[in-house]
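What follows is a single structure, written as structure tokens, with notes after it.
The values are calculated or read from the model by the stated rules, or taken from the named source; none is laboratory data. Note that the structure is predicted; figures quoted are calculated from it, not measured. Here Cβ is always computed from backbone atoms with ideal geometry, including for glycine, and neighbour counts include all displayed protein chains. Only protein heavy atoms, including side chains, enter the accessible area calculation; ligands, DNA and RNA are left aside. Shrake-Rupley method; radii C 1.70, N 1.55, O 1.52, S 1.80 Å.
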Amino acid sequence: VRLRSGAFDLTVVAGYPPPLWARGLKLALQKKAVTQTWSWARGEVEAAPYRSTPLLAMDVDSSLGIRSTGEEVSELSVGEQGKGRQTLSGDLASDFLEELEFCSVGTFYKKAWPTYFGPMGETSTIDHMMLPRGARRLVRSCKVLWQVGRRLQLIPSSRPRDHMPMMMELDYELAPEPPRELHSRWDLTKLGQALQFGQGRIDLLEEMQV
């Protein structure tokens with residue numbers, strides 16, 4: 001979705017790669033779907049107009065920060081908050097962040113995690129809002145909305161359950177578009193006649209005077 005007015009221009013891409021829970025052939029199909037989801041998200045972001053700031057909002061179904069191979073993701077892409085071991089989807093998310101020079105904004109803010117509460121009380125940060133690294137300086141705050149999450153909660157429990165909504169505030173204003181350059185068109189035939197035979201030379205010099 002592209003959101004724009006005279007003061008801002010954002011391209012928001014939202015998605016949810018399916019969780020991996022099956023076995024055998026079904027698991028292979030789920031992994032393929034996860035890969036296709038990230039390929040789609042990357043294509044949408046790369047297709048955003050050059051003046052539109054892309055924002056990727058994803059239920060990644062994975063923490064970020066440590067690849068499944070044990071390698072750490074660049075600190076420019078992922079902060080210390082909610083850092084954890086990645087699934088396949090998390091690895092693909094990290095590829096996206098590092099190759100396109102994006103960052104997961106919430107991982108740099110203490111109030112932005114956890115975003116998920118499991119049935120046994122376990123917590124994790126699996127929901128991520130991603131911006132180009134250069135746009136992180138525009139972020140005023142990023143946090144989980146606890147009270148809103150409790151009101152929206154559908155699972156009957158006295159404890160927080162399931163996903164929690166996040167909010168990010170941007171101090172953002174679109175720079176005015178630079179004026180288009182005017183390009184003069186020259187009639188090469190008349191220019192040649194002026195140079196070689198003097199035809200229209202006076203008119204040419206008058207036009208070129210500053």
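One table, with the values for the structure above:
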| quantity | calculated |
| --- | --- |
| Answer residue from region 155-201, given it is exposed (fewer than 10 other Cβ atoms within 10 Å of the Cβ) and part of a helix (DSSP H, G or I) and is modelled with the highest pLDDT among those | 189 |
| Residue pairs meeting the criteria (Cβ under 9 Å; at least 6 apart or on separate chains; first over 16 Å from residue 106 (Cβ atoms) and among the β-branched types (Val, Ile, Thr), in region 76-96; second assigned to a loop (DSSP other than H, G, I, E, B) and open to solvent by 10 Å² or more (accessible area, probe 1.4 Å)) | 87/19; 87/20; 87/61; 87/63; 87/68 |
| Qualifying residue in region 55-67 (condition: open to solvent by 40 Å² or more (accessible area, probe 1.4 Å), aliphatic (A, V, I, L, M), touching a residue at least 40 places away in the same chain (Cβ under 8 Å) and in a loop (DSSP other than H, G, I, E, B)) | no |
| Residue pairs meeting the criteria (Cβ under 9 Å; at least 6 apart or on separate chains; first closer than 14 Å to residue 115 by Cα and of a type outside the set (D, E, K, R), in region 144-159; second part of a helix (DSSP H, G or I) and open to solvent by less than 100 Å² (accessible area, probe 1.4 Å)) | 144/106; 144/112 |
| Residues (open to solvent by 40 Å² or more (accessible area, probe 1.4 Å) and in contact with a helix residue (DSSP H, G or I) (Cβ under 8 Å, 6 or more places away or on another chain)) located in region 82-91 | 83, 88 |
| Selection from region 83-112 of residues that are over 17 Å from residue 131 (Cβ atoms) and not in a helix (DSSP H, G or I) | 83, 84, 85, 86, 87 |
| Criterion: in a loop (DSSP other than H, G, I, E, B) and either open to solvent by 30 Å² or more (accessible area, probe 1.4 Å) or more than 23 Å from residue 117 (Cα to Cα) (or both) - qualifying residue of 33, 41, 28, 7 | 7 |
| Complete set of residues in region 112-169 that are in contact with a His (Cβ under 9 Å, 6 or more places away or on another chain) and among the charged types (D, E, K, R) | 127 |
| Complete set of residues in region 139-154 that are crowded, with 16+ Cβ neighbours inside 10 Å and either among the aromatic types (Phe, Trp, Tyr) or under 17 Å from the mean Cα position of the chain (by Cα) (or both) | 139, 142 |
